[in-house]
Amino acid sequence: MAWRIGPEYRRRPAEQNRADLHEVVTAGPPPGVLAFRDGVAVGWCQITPREAVPAIDRQWRLRRVDEVPVWAVTCFYVRKGQRRAGVMAELVAGAVDLARTAGAPAVEAYPLDGAVSPSATSTGYATTFAAAGFVEVARRSPERPVMRLLF
């Protein structure tokens, strides 16, 4: 819920965040994709029209590049023990498929450039997106490119 309502989500009761996410799921479109291995959820990726995550516009590094109505990949989670096993690449592929099927003209992501910042991230790494065909369209800080895949 961080990108949907901003940092105040941390001050809200967990039950309220869960209820709000349930409303997002019910209203559609799906707010993301899940990865499964042997029937167990091992990863999550939030992919949604950028307008659905207004808190993203509060960060100068992530401001809009142009007026293309992109879908935004804003968050990943990969279960411990499943990391470095290709789950993130599968999630990116699923997110791209979801956006394409929904008629999005492009998908945008805001990963870290691991060559500049080896920090852990919930937004993915630029190399994963580059391998999926994304190209850098802006970079307002050394560690955080804005990457896009046009359909």
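Bear in mind that the values in this text are calculations on the coordinates, not laboratory data. Note that the structure is a prediction, hence the values are computed from the model and not measured. Using ideal geometry, Cβ is built from the backbone for each residue, glycine included, and neighbour counts are taken over all protein chains shown.
Using DSSP to define loop residues, name the trypsin sites (Lys or Arg not before Pro) in region 57-151 whose beta-carbon has at most 16 other beta-carbon atoms within 10 Å.
Numbers: sites: Arg58, Arg61, Arg63, Arg64, Arg79, Lys80, Arg83, Arg84, Arg100, Arg139, Arg140, Arg148; in loops: Arg63, Arg64, Arg79, Lys80, Arg83, Arg84.
Counting only loop positions with at most 16 other Cβ atoms within 10 Å, the trypsin sites (Lys or Arg not before Pro) in region 57-151 are Arg63, Arg64, Arg79, Lys80, Arg83, Arg84.
Kindly write out, for region 96-103 in residue order, the coupling ³J(HN,Hα) from the Karplus curve 6.51 cos²θ - 1.76 cosθ + 1.60 (θ = phi - 60°), rounded to whole Hz, with x marking Gly and Pro.
4, 4, 4, 5, 4, 4, 7, x
Quick one: net charge of Pro145's neighbours, Cβ under 11 Å, K/R +1, D/E -1? Spell out each step's value before the answer.
Details: positive: Arg61, Arg139, Arg140, Arg144, Arg148; negative: Glu108, Asp113, Glu136, Glu143.
Neighbour charge sum, excluding Pro145 itself: +1.
Would you mind checking region 29-58 for residues with the amide N under 15 Å from a putative spin-label position 7 Å along Cα→C-beta of Thr121?
Inside the label zone: 46.
Given charges of +1 on the Cβ of Lys and Arg and -1 on the Cβ of Asp and Glu, with all other atoms neutral, how large is the dipole of region 1-48 about its Cα centre, in debye to the nearest 20?
Numbers: 6 positive and 5 negative charges, 32 e Å.
Value, rounded to 20: 160 debye.
Suppose only helical runs count, i.e. DSSP H with n ≥ 4. What mean residue ellipticity at 222 nm does that imply for the chain under -39500 (n - 2.57) per run, divided by all residues and rounded to the nearest 500 deg cm²/dmol?
Numbers: 4 runs with 39 residues, N = 151.
Per the formula, -7500 deg cm²/dmol.
May I ask for log10 I(q)/I(0) of the chain at q = 0.08, 0.10, 0.18, 0.20 Å⁻¹, from a Debye sum over the Cα atoms as equal point scatterers with solvent left out?
Debye curve over Cα of the chain, log10 I(q)/I(0) at q = 0.08, 0.10, 0.18, 0.20 Å⁻¹: -0.21, -0.33, -1.15, -1.42.
In the Gaussian network model of the chain, springs joining C-alpha atoms below 10 Å, which of Gly39, Gly133, Gly103 carries the largest mean-square fluctuation?
Gly39
What does the charge count around Gln59 come to, taking other residues whose C-beta lies under 10 Å from its C-beta (Lys +1, Arg +1, Asp -1, Glu -1)?
Details: positive: Arg58, Arg61, Arg63, Arg140, Arg144; negative: Asp57.
Taking every Cβ under 10 Å from that of Gln59, the sum is +4.
Using θ = phi - 60° and the Karplus form 6.51 cos²θ - 1.76 cosθ + 1.60, what ³J(HN,Hα) does each residue of region 48-63 get, whole Hz, x for Gly and Pro?
7, x, 4, 4, 7, 10, x, 5, 4, 6, 7, 9, 4, 5, 10, 4
Rank-order 141-147, 2-8 by packing density, defined as the average count of other C-beta atoms within 10 Å over each peptide's residues, highest first. Show your work: numbers first, answer last.
On the way: 141-147: 18.6, 2-8: 14.9.
Most protected by this proxy first, the peptides run 141-147, 2-8.
Antiparallel as a % of all DSSP beta bridges within the chain, to the nearest 5? Write down the numbers at each step before the final one.
Values: 22 of 26 bridges.
Expressed as a percentage, antiparallel bridges in the chain total about 85.
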